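Peer 1: Sharing a structure with you now.
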Amino acid sequence: TQLLEQSPQFLSIQEGENLTVYCNSSSVFSSLQWYRQEPGEGPVLLVTVVTGGEVKKLKRLTFQFGDARKDSSLHITAAQPGDTGLYLCAGYLTDSWGKFQFGAGTQVVVTP
Amino acid sequence: EAQVTQNPRYLITVTGKKLTVTCSQNMNHEYMSWYRQDPGLGLRQIYYSMNVEVTDKGDVPEGYKVSRKEKRNFPLILESPSPNQTSLYFCASSLSGAGNTIYFGEGSWLTVV
C-alpha cells in the first residue's frame, strides 16, 4: 500500500502551459521532498519542505506543503521541454525517522 | 566528488544463484538505504541503516539481506534470487535519516531468469 498517493500518474502538455502535480497521504510527515528522475538515472532532489503551510519557489517551480503536513503540490509555470521527467514526492513519517516513503511518481512530458 | 557508487550496473542471473550488489559512498554519511523501483509502484524501501551495525527492514525486505560493517559500504545480498526480484535497484545515502538530502546511486538493473 502506497502511503503517498500521487496524481495524476501521467501528464502530457505543450510548452508554455502550466501544470500541477499532487501528493496526498492520510499520514503526517515530518518533511516532504520532491525529486525528479531522468531515464537511467537516480532521483535528484528538487526541494525539501518542512513546515506546514510552507511554500518554496525554485525558478518556475512552486512547492507547497499542506497545513496538516499530509499533502504537497508541485506547480510548474510555463513548462519547457527540459521539465520532462518523472516527478516523485517522498517523505519521512513523523514516527519513523529511518523509513523513507516514495509516491509512485508522475510522468510529465512537455512537447515543444 | 560526492558519490554513491553501485556495482554491478547491469546483471542477468539465474534463479537461486546468490548475488551481491555493492554500494559505497564517499560522503561519510551515517544513513544508507536500498530501494527497488518497479513500473507504477515508484521506489519502495528494502532495508535501511542508521549507522554501522544498525540495520532495519523497509517496506519490502523479503528475499533480501544487508550488512553495515563499515560506514561507507552497504551491500545488498540476494541469497536465492527469484524472477519477482527482477527490478531496478537504487542505493542511497544521507547525513542522517531525518530530512537531509538523500543522494542516489545510478541504479542497478537486475534480471533474474
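Computed from the coordinates by the stated procedures, all read-outs in this text should not be read as laboratory data. Computed from a predicted model, the values in this text were never measured in an experiment. Note that each Cβ is placed from the backbone with ideal geometry, even for glycine, and that neighbours are counted across all protein chains shown.
Peer 1: Let me know the volume per residue of the alpha-carbon convex hull for the stretch B:43-101, in Å³.
Peer 2: Numbers: hull volume 5.4 nm³, N = 59.
Considering the Cα atoms of the stretch B:43-101, their hull volume per residue is 91 Å³.
Peer 1: Sort out for me the Cα centre separation of the stretch A:14-53 from the stretch A:59-112, rounded to whole Å.
Peer 2: 1 Å
Peer 1: Okay, moving on. Averaging sequence separations of C-alpha pairs under 8 Å and six or more residues apart, then dividing by the length of chain A, give the relative contact order as a whole percent.
Peer 2: Details: 292 pairs, mean separation 40.8, N = 112.
Relative contact order comes out at 36 percent.
Peer 1: Eight or more residues apart or on different chains, and alpha-carbon atoms under 19 Å: count the Lys pairs in the stretch B:12-113 matching that.
Peer 2: The result is 5.
Peer 1: If you take every residue apart from A:Val108 with its C-beta less than 14 Å away from the C-beta of A:Val108, what net charge results, scoring Lys and Arg +1 and Asp and Glu -1?
Peer 2: -2
Peer 1: Next up: Considering the Cα trace of the stretch A:32-95, what is its radius of gyration and what is Dmax, both in angstroms?
Peer 2: 12.2, 39
Peer 1: I need to check one value: relative contact order of the stretch B:66-113, counting alpha carbon pairs closer than 8 Å and at least 6 residues apart, in percent.
Peer 2: In percent, rounded to a whole number, it is 35.
Peer 1: I've got another one for you. Please report, in cubic angstrom per residue, the volume enclosed by the convex hull of the alpha-carbon atoms of the protein assembly as shown.
Peer 2: Numbers: hull volume 26.4 nm³, N = 225.
Roughly 117 Å³ of hull volume per residue.
Peer 1: Can you give the Rg to Rh ratio of chain A, both from alpha-carbon atoms, with Rh computed by the Kirkwood formula?
Peer 2: 0.96
Peer 1: Rounding to the nearest 20 debye, state how big the charge dipole of the stretch A:42-112 is about its Cα centre with +1 on each Lys and Arg Cβ and -1 on each Asp and Glu Cβ.
Peer 2: 140 debye
Peer 1: Run down the lysines and flag those whose C-alpha is under 21 Å from the C-alpha of A:Lys57, throwing out any fewer than 8 positions away in its chain.
Peer 2: A:Lys70
Peer 1: Still on this structure: Quick one: in the stretch B:1-56, what % of C-alpha pairs are over 18 Å apart? Can you show the working numbers first?
Peer 2: Working: 758 of 1540 pairs.
Value for the stretch B:1-56: 49 percent of Cα pairs lie more than 18 Å apart.
Peer 1: How large is Rg/Rh for chain B, to two decimals, with Cα atoms and a Kirkwood Rh?
Peer 2: 0.94
Peer 1: Can I ask one more? Which value, to two decimals, describes the C-alpha radius of gyration of the stretch A:1-58 once divided by 2.2 N^0.38 Å?
Peer 2: Rg over 2.2 N^0.38 Å, computed on Cα atoms: 1.29.
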